[in-house]
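For reference, the structure discussed in these notes is given below.
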Amino acid sequence: MKLKMISFSSRAIVDDPFSWAYELEDCGYTGWEIVQEGTQCLTRETITRVRDIHDTTDLELTLHLPFSDMNLAGLNTGIHNEVLRQMRDYLTLASDFVELAIVHPGYLSPHGAQLPDLAWQTNVKSLQLLCDFAADYGIMIAVENMPEVPGIFGKYPQEMLRMVEETKRDNVGLTLDLGHANTMGTEIMDDFLKMYKGRISHVHLHDNMGKKDEHLPPGRGNINWKHMVKSLSDYKGRFVTEVNCLEEGVESLAFLKRL
């Protein structure tokens with residue numbers, strides 16, 4: 001596998017969330033996906049450190065918007081407004097060096113489960129609002145497919161395509177997360193590859209045994225990676241390994257190079 005367009009991402013590195021980023025190029029990475037979780041979050045205090053990484057390396061930066069306690073389909077108006085406010089704040093902070101941001105779809109809360117159509121509409125409206133805000137900065141919003149988790153939107157390719165089509169924005173795209181798709185079974189994984197063909201904006205790489213979202217390095221689970229690489233041969237965008245530490249990132253690159 002050619003690894004020119006490959007980034008590293010991990011929400012698990014929390015002890016020193018920025019210094020290790022200077023090692024990424026030496027490891028073979030050409031990009032860094034900043035995850036807005038825990039101590040890795042961009043803030044007005046940490047932005048200078050991230051800006052220095054951007055200015056002193058050749059890494060291409062992308063942004064993963066927060067997902068813990070963040071529900072784009074939430075029906076509690078006050079909480080929902082705060083979710084959108086935080087996401088807009090992160091987009092603003094990253095706007096000088098990011099052209100693509102990844103976001104998770106919403107999910108059904110106990111209230112939303114009683115009003116699933118309204119929750120779906122709220123999810124789509126949220127994506128529209130984020131896209132409109134991001135468009136002013138030239139940022140694409142790439143919506144990510146989800147793993148097998150009860151009540152969450154975005155587990156199926158048809159559902160994801162409908163979500164993007166109903167968003168009706170020029171700067172909305174699709175993030176194909178192969179680890180997430182694998183938890184849905186081989187048939188659904190193949191459907192993603194077929195139905196997403198020519199429409200993928202971003203790809204996440206990690207592995208699992210098909211039962212739960214484990215974020216193992218590629219090669220440690222049961223994904224057929226040779227088949228994945230062949231199926232994505234026409235894709236020209238960025239790949240991102242989503243593992244738990246830099247050592248697993250190095251392991252991932254070594255495995256992918258052999259494909």
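Name the single residue, out of those in region 1-17 being without any contact (Cβ under 8 Å) to a residue 60 or more places away in the chain and crowded, with 17+ Cβ neighbours inside 10 Å, that is farthest from the chain's Cα centre (by Cα). Full working, then the answer.
At the first step, the residues of region 1-17 found to be without any contact (Cβ under 8 Å) to a residue 60 or more places away in the chain are 2, 4, 11, 14-17.
From what's left, crowded, with 17+ Cβ neighbours inside 10 Å: 11, 17.
Details: Arg11: 11, Pro17: 18 Å.
Taking the candidates together, the pick is Pro17.
Quick one: what pairs do we get from region 128-139, first residue closer than 12 Å to Arg169 by Cβ, second open to solvent by 50 Å² or more (accessible area, probe 1.4 Å) and assigned to a helix (DSSP H, G or I), C-beta under 9 Å, 6+ apart or different chains?
Note: pairs meeting the criteria are Gln128/Glu166; Leu129/Arg88; Leu130/Arg88; Phe133/Arg88; Phe133/Thr92; Ala134/Arg88; Ile139/Phe133.
Among the helices (runs of 4 or more DSSP H) confined wholly to region 142-259, which include 3 or more residues that are open to solvent by 30 Å² or more (accessible area, probe 1.4 Å) and more than 24 Å from Leu129 (Cβ to Cβ)?
Values: elements: 157-167, 178-182, 186-195, 225-231, 246-257.
The qualifying helices (runs of 4 or more DSSP H) are 186-195, 225-231, 246-257.
Can you name every residue in region 26-49 that is among the hydrophobic types (A, V, I, L, M, F, W, C) and more than 18 Å from Gly138 (Cβ to Cβ)? Break it down stepwise before answering.
Narrowing region 26-49 to residues among the hydrophobic types (A, V, I, L, M, F, W, C): 27, 32, 34-35, 41-42, 47.
Across region 26-49, the qualifying residues are Cys27, Trp32, Val35, Cys41, Ile47.
Restricting attention to region 147-166, which residues are under 20 Å from His80 (Cα atoms) and touching a Ser or Thr at 6+ places or on another chain (Cβ under 9 Å)?
Gly151
Looking only at region 106-128, which residues are open to solvent by less than 50 Å² (accessible area, probe 1.4 Å) and either farther than 16 Å from Ile152 by Cβ or in contact with a helix residue (DSSP H, G or I) (Cβ under 6 Å, 6 or more places away or on another chain) (or both)?
Step one: list which residues in region 106-128 are open to solvent by less than 50 Å² (accessible area, probe 1.4 Å), which gives 106, 109, 112, 119-120, 122-124, 126-128.
Passing the criteria: Gly106, Gly112, Ala119, Val124, Leu127, Gln128.
Output the residues belonging to region 20-66 that are acidic (Asp, Glu), touching a Lys or Arg at 6+ places or on another chain (Cβ under 8 Å) and open to solvent by less than 70 Å² (accessible area, probe 1.4 Å). Steps first, please.
Residues of region 20-66 that are acidic (Asp, Glu), as a first pass: 23, 25-26, 33, 37, 45, 52, 55, 58, 60.
After this cut, where a residue has to be touching a Lys or Arg at 6+ places or on another chain (Cβ under 8 Å) as well, the list is 37, 60.
Hit for region 20-66 is Glu37, nothing else.
The values are calculated or read from the model by the stated rules, or taken from the named source; none is laboratory data. All figures in this text were calculated on a predicted structure; none of them were measured in a lab. A quick note on method: Cβ atoms are made from the backbone with ideal geometry, for glycine too, and the neighbour counts reach across all protein chains shown. What goes into the accessible areas is simple: the full protein's heavy atoms, side chains included, and nothing from ligands, DNA or RNA. Shrake-Rupley method; radii C 1.70, N 1.55, O 1.52, S 1.80 Å.
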